[in-house]
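The values are calculated or read from the model by the stated rules, or taken from the named source; none is laboratory data. Note that the structure is a prediction, hence the values are computed from the model and not measured. In this analysis, Cβ positions are derived from the backbone assuming ideal geometry, glycine residues included, and neighbour counts consider all displayed protein chains. Surface areas here come from the heavy atoms of the whole protein model, side chains and all, with no ligands, DNA or RNA. Shrake-Rupley method; radii C 1.70, N 1.55, O 1.52, S 1.80 Å.
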Amino acid sequence: MNWLIENAGQIWQLTLIHAGLSVPPIIVGLVLSVPIGWLANRYRASRGTVLAIVGILYAVPSLPLFLVLPSIIGTKVLDPANVVISLSIYAVAIMVRTASDAFAAVDVDVLLAATAVGFSTWRRFWSVELPLAGPVLLSGIRVVSVSTISLVSVGSVIGVPSLGYFFLRGFQVGFPLEIGVGIVGTIVIAVVFDLILAGLGRVLMPWTHRRSRRTRVAIRDETPELVEAA
Amino acid sequence: MIEFRSVTKEFPDGTVAVRDFSLVIPSRRITVLVGSSGSGKTTILRMINRMVDPTSGVIEIDGNDVSTLEPVKLRRSIGYVMQNSGLLPHRKVADNIATVPLLRGVKRKDARVRALELMDAVGLDRSLADRYPSQLSGGQQQRVGVARGLAVDPNILLLDEPFGAVDPLVRAELQQELLRLQHDLDKTVVFVTHDIDEAFLLGHQVVIFKKGGLVAQVGTPQEILADPADEFVAKFIGADRGKRALRVRSEAGRDVLVDSEGRAAGVLVTDDDEAGAVAAASGASAQGDQPR
Ligand SMILES: Nc1ncnc2c1ncn2[C@@H]1O[C@H](COP(=O)(O)OP(=O)(O)O)[C@@H](O)[C@H]1O
Ligand SMILES: [Mg+2]
């Protein structure tokens with residue numbers, strides 16, 4: 001208990017740093033995978049190749065990547081950018097497949113109708129395809145969020161600070177409480193991020209939360225119409 | 001007026017959907033394209049608003065070759081309604097109806113006012129304006145689709161089997177509404193269906209298709225019924241059976257019409273006889289209502 005109180009400042013600080021390192025890869029993952037996934041879906045022939053490439057990217061182990069990246073892009077070994085860039089690569093690797101599935105799942109009749117009433121391709125993408133791919137994109141980005149937050153800890157091994165630091169040191173000195181703080185802190189960040197993402201989804205995609213009323217409403221409304229028609 | 005001149009459409013996979021098709025679609029009338037599935041009706045409809053471009057031939061709207069018109073602009077000037085409505089599931093009913101005005105840059109507030117008026121016009125309660133399409137019945141969704149098609153007050157309205165997926169009672173009602181709307185608004189309507197009854201009910205001009213976008217016959221319903229061009233048309237319209245093949249039978253001194261199964265379909269009257277027949281008919285039904 002004493003340890004917790006004595007180290008509260010550091011725990012809080014590392015939690016913020018951990019969260020801060022997690023945000024850019026999640027955003028990069030979303031922003032890059034949307035156009036790649038869209039193109040992979042639009043140009044069917046490219047889909048297999050694109051998915052194979054991202055599959056290979058994802059198979060690259062994280063620790064070696066952290067270590068090799070500086071020599072490839074010329075950063076310092078301890079630069080947090082190594083972690084951010086590596087995790088962005090994983091985020092894209094996970095999200096491209098989801099994004100491609102998300103666009104594939106959009107009802108073609110709706111797209112056709114949108115074109116028929118006069119949406120340009122560009123306008124249709126922003127106003128129709130992207131929002132309708134939204135629910136699947138959201139589910140993908142929630143997975144990316146959790147995976148990124150847990151992978152940030154690995155960066156501690158190469159000396160980039162995060163909650164992984166407690167985890168690592170707890171093991172080294174055989175102090176379970178410290179390990180626990182590392183684990184619980186990571187879970188708390190993951191839960192908070194997930195709640196934020198789910199909340200954003202509700203605000204940005206209000207139509208997805210009215211579905212449950214569908215059957216009831218439809219039945220109630222059909223009746224007067226039938227009576228009218230009869 | 002819309003005119004097709006020797007239009008052929010071959011898709012990249014080699015399917016010839018439409019072959020050497022020529023037709024004049026008169027303004028302010030309903031032209032119905034009818035034929036079985038795969039006969040090229042949808043392809044023909046989509047060539048009008050350049051969703052599909054013909055392989056050869058010319059399509060003109062009021063003398064303007066559509067291939068010279070900018071597709072997005074052209075589409076915004078033509079109403080389009082399809083089966084399963086094609087509504088945007090993430091937009092509320094009023095926003096769906098206002099889709100094209102909003103694309104054209106009409107102010108949100110004005111577009112909404114117009115959308116609510118259109119809801120009245122197609123028989124939708126205004127209280128549905130803030131629902132999502134998934135919260136409506138199939139019939140209501142089709143009404144929204146029609147309202148969206150009318151939103152920019154287009155001269156031309158294209159409908160592709162718009163009532164194909166709603167139940168028969170609602171369909172009958174929607175058909176009557178469409179006739180009323182066309183009568184009131186004077187649109188040039190091109191309507192696709194595979195249902196010959198629907199075609200004869202709605203069409204001023206009916207075009208019957210065979211496979212491969214070949215025209216079997218063009219004419220008014222009366223012309224086609226009176227003189228089917230060939231065996232195929234006769235069979236397609238069912239001229240030889242059911243309620244289309246009526247026979248005269250003398251019954252109690254009157255000529256009664258019966259169908260091929262012998263069911264009474266009506267009585268035969270001459271034009272100046274009509275008033276009397278109506279009286280007779282209402283008398284008969286009044287008698288039928290008497291308790292025994
Ligand atoms: N995009 C396309 N590519 C290839 N073939 C098509 C395409 N669209 C339609 N077809 C074919 O063209 C023919 C006519 O189709 P369509 O116009 O949809 O007929 P209908 O509306 O009368 O059912 C069918 O054989 C159909 O399979
Ligand atoms: Mg069709």
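Please specify each residue of segment B:71-91 satisfying the condition of being facing chain A (nearest Cβ under 7 Å) and either in contact with a His (Cβ under 6 Å, 6 or more places away or on another chain) or not in a helix (DSSP H, G or I) (or both). If you could, list the steps in order and put the result at the bottom.
Start the filter on segment B:71-91 by keeping residues that are facing chain A (nearest Cβ under 7 Å), which leaves B:72, B:75-76, B:80, B:82, B:84, B:86, B:88-90.
Answer for segment B:71-91, where residues must be facing chain A (nearest Cβ under 7 Å) and either in contact with a His (Cβ under 6 Å, 6 or more places away or on another chain) or not in a helix (DSSP H, G or I) (or both): B:TYR80, B:MET82, B:ASN84, B:GLY86, B:LEU88, B:PRO89, B:HIS90.
What do you reckon, is B:ASN49 away from ligand 1 (no atom under 12 Å from the Cβ), within 13 Å of chain A (Cβ to nearest Cβ) and modelled with pLDDT under 95?
No, not satisfied.
Mind listing whichever residues of segment A:85-107 are open to solvent by 50 Å² or more (accessible area, probe 1.4 Å) and either outside any helix (DSSP H, G or I) or facing chain B (nearest Cβ under 10 Å) (or both)?
Those that are open to solvent by 50 Å² or more (accessible area, probe 1.4 Å) and either outside any helix (DSSP H, G or I) or facing chain B (nearest Cβ under 10 Å) (or both): A:ALA105, A:ASP107.
With respect to B:ASP13, determine if the residue is of a type in the set (D, E, K, R), over 17 Å from B:VAL206 (Cβ atoms) and within 12 Å of ligand 1 (Cβ to nearest atom). Before you say what the answer is, go through the steps one by one.
Numbers: of a type in the set (D, E, K, R): yes; over 17 Å from B:VAL206 (Cβ atoms): yes; within 12 Å of ligand 1 (Cβ to nearest atom): yes.
In short, yes.
Just checking, which of B:VAL170, B:VAL152, B:VAL166, B:VAL206 is in contact with a helix residue (DSSP H, G or I) (Cβ under 9 Å, 6 or more places away or on another chain), surrounded by 16 or more Cβ atoms within 10 Å (Cβ to Cβ) and at pLDDT 95 or above? Lay out the reasoning, then the answer.
Details: B:VAL170 fails: at pLDDT 95 or above; B:VAL152 fails: at pLDDT 95 or above; B:VAL166 fails: at pLDDT 95 or above.
Answer to the selection: B:VAL206.
Any idea which residue in segment B:1-35 is farthest from ligand 2 (Cβ to nearest atom), counting only those that are among the polar types (S, T, N, Q) and either within 14 Å of another protein chain (Cβ to nearest Cβ) or open to solvent by less than 50 Å² (accessible area, probe 1.4 Å) (or both)?
To start, the set of residues in segment B:1-35 that are among the polar types (S, T, N, Q) comprises B:6, B:8, B:15, B:22, B:27, B:31.
Next, only the ones that are either within 14 Å of another protein chain (Cβ to nearest Cβ) or open to solvent by less than 50 Å² (accessible area, probe 1.4 Å) (or both) stay: B:8, B:27, B:31.
On the way: B:THR8: 18, B:SER27: 24, B:THR31: 16 Å.
Once the filter is applied, the top-ranked residue is B:SER27.
May I ask you to verify whether B:LEU103 is at the interface with chain A (Cβ under 7 Å from one of its Cβ atoms) and among the hydrophobic types (A, V, I, L, M, F, W, C)? Reasoning before the result, please.
On the way: at the interface with chain A (Cβ under 7 Å from one of its Cβ atoms): yes; among the hydrophobic types (A, V, I, L, M, F, W, C): yes.
For B:LEU103, the condition - at the interface with chain A (Cβ under 7 Å from one of its Cβ atoms) and among the hydrophobic types (A, V, I, L, M, F, W, C) - is met.
Does B:GLY145 satisfy being closer than 18 Å to B:ASP120 by Cβ, within 16 Å of ligand 2 (Cβ to nearest atom) and not basic (Lys, Arg)?
Numbers: closer than 18 Å to B:ASP120 by Cβ: yes; within 16 Å of ligand 2 (Cβ to nearest atom): yes; not basic (Lys, Arg): yes.
For B:GLY145, the condition - closer than 18 Å to B:ASP120 by Cβ, within 16 Å of ligand 2 (Cβ to nearest atom) and not basic (Lys, Arg) - is met.
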